[in-house]
Amino acid sequence: MLAVLSATALPAEPPSATAAAVPGLIVDTDIGGGGCRDVDDVGALGVANALADSGVVNLLGVVQNTQATNSTGVISVVQRYYSRTIPTGVYRGSGLRDLAALPYVADIVARWPSPVRNSSQAGSAVKLYRHLLAGQPDRSVAVASIGLLTNLAALFQSSADKHSPLSGLSLFGQKVFRLAIMGGRYPSSKGQRCECNFCAAAWGGIDHRAAVQASAHVVERLPAGVDVVFSGLEVGLRVVTGAALSTCAPAASPLRQAYVDYGGGVDRGRYSWDLITTHVAAAGGLPGVRRCSDCGGVNVVDASSGANAWRRGPAANQTYLVLEDAADAQRVIDRLLCQPPRLGASAPNDVPFAAFARAGPIE
């Protein structure tokens, strides 16, 4: 089991958890495509799978909050590498126009076979969210939001269906005990450019309007019973990870190749925004990172600009992360990235497709 900082740095266990219980985890990612595309999502999936291999969390599913076609294939490649078949969903709503993906996305999908090749083979992210949440015990699921908040906004607005008689917001509040969101700057983005996941300001800002509306909608409606942790741009910006993959991971690792492609060569890391957020969502904390101890109040996102600010007030269910030791955080994350898959790694083309039963779309 991974070391943790201290009792004050971590949230309490979910009320329904027992000593033997392993929380479920849903990762909500843009995975190299759309308005905030990057490579750290691939590392975040590696962290999620390594923690699942270690028994810290049960990885339930992955949802893509953009509509970049081949990005879905990267999710499937990574899951195949870890020999963990899980369902995948894609944002099916309106408003997103940036369908571009970084070059590593096409390279990974071309080099590695996988059950799912593109977004047309995945179902609706909202329907998958509802299916997964409805099937779990109350307050037993953690969610890592590491991209646009489009899926969460659509889920919050969803109505009763065959999976649950509850609205999406009620279902989320009933089943989720922790939500970690990579988004914003803390305590405020005033005087600076809005953080990308809240406003899609990077790569030309094509999806700015949709991103801002989704972020403001979700942050304003966060259920009071859910432990919400915001991870700001300033935290991940000071923790560089992934360079170790060039030496610790085999050529069969799609994580290694993604970082080599993105960096333009070996031994090059990347900022750890999404990896930190995923670790906090799954494990409750991360060495070298703590919760703000004197920041009672809530986060507020401007519905027109995507700028955010911490509104001081009584202690609530929301907080944000503060970096204490970048080296400690880096060591833990790189160790997880270098951790071999528990069930053995699958090299490109070395295992027949039949060995990896496809988890079909949830409708």
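The values are calculated or read from the model by the stated rules, or taken from the named source; none is laboratory data. Everything quoted here is computed from the prediction, not taken from an experiment. When we count neighbours, we look across all protein chains shown, and the Cβ atoms used for this are built from the backbone with ideal geometry, even at glycine. These area figures cover heavy atoms from the full protein model, side chains too; ligands, DNA and RNA do not enter into them. Shrake-Rupley method; radii C 1.70, N 1.55, O 1.52, S 1.80 Å.
Residue 184 passes every criterion in (1) on the phi < 0 side of the Ramachandran plot; (2) assigned to a loop (DSSP other than H, G, I, E, B); (3) open to solvent by less than 10 Å² (accessible area, probe 1.4 Å) apart from (1).
Every condition in (1) more than 30 Å from residue 225 (Cβ to Cβ); (2) at pLDDT 95 or above; (3) hydrophobic (A, V, I, L, M, F, W, C) holds for residue 321 except the one numbered (1). Every condition in (1) closer than 25 Å to residue 150 by Cα; (2) part of a helix (DSSP H, G or I) holds for residue 223 except the one numbered (2).
Restricting to segment 22-60, name every residue that is on the phi > 0 side of the Ramachandran plot and either touching a Gly at 6+ places or on another chain (Cβ under 6 Å) or surrounded by fewer than 24 Cβ atoms within 10 Å (Cβ to Cβ) (or both).
As a first pass, look at segment 22-60 and keep what is on the phi > 0 side of the Ramachandran plot: 31-32, 34, 55.
55, the sole residue that qualifies.
Residues in segment 290-307: is at least one under 22 Å from residue 23 (Cβ atoms) and modelled with pLDDT of 95 or more? Within segment 290-307, one or more residues are under 22 Å from residue 23 (Cβ atoms) and modelled with pLDDT of 95 or more.
Please go through segment 190-204 and pick out each residue that is within 24 Å of residue 275 (Cα to Cα), small (Gly, Ala, Ser) and either free of Cβ contacts under 8 Å to residues at least 12 places away in the same chain or surrounded by fewer than 24 Cβ atoms within 10 Å (Cβ to Cβ) (or both).
Kept after step one, since they are within 24 Å of residue 275 (Cα to Cα), are these residues of segment 190-204: 192-203.
Now restrict to residues that are small (Gly, Ala, Ser): 200-202.
Result: 201, 202.
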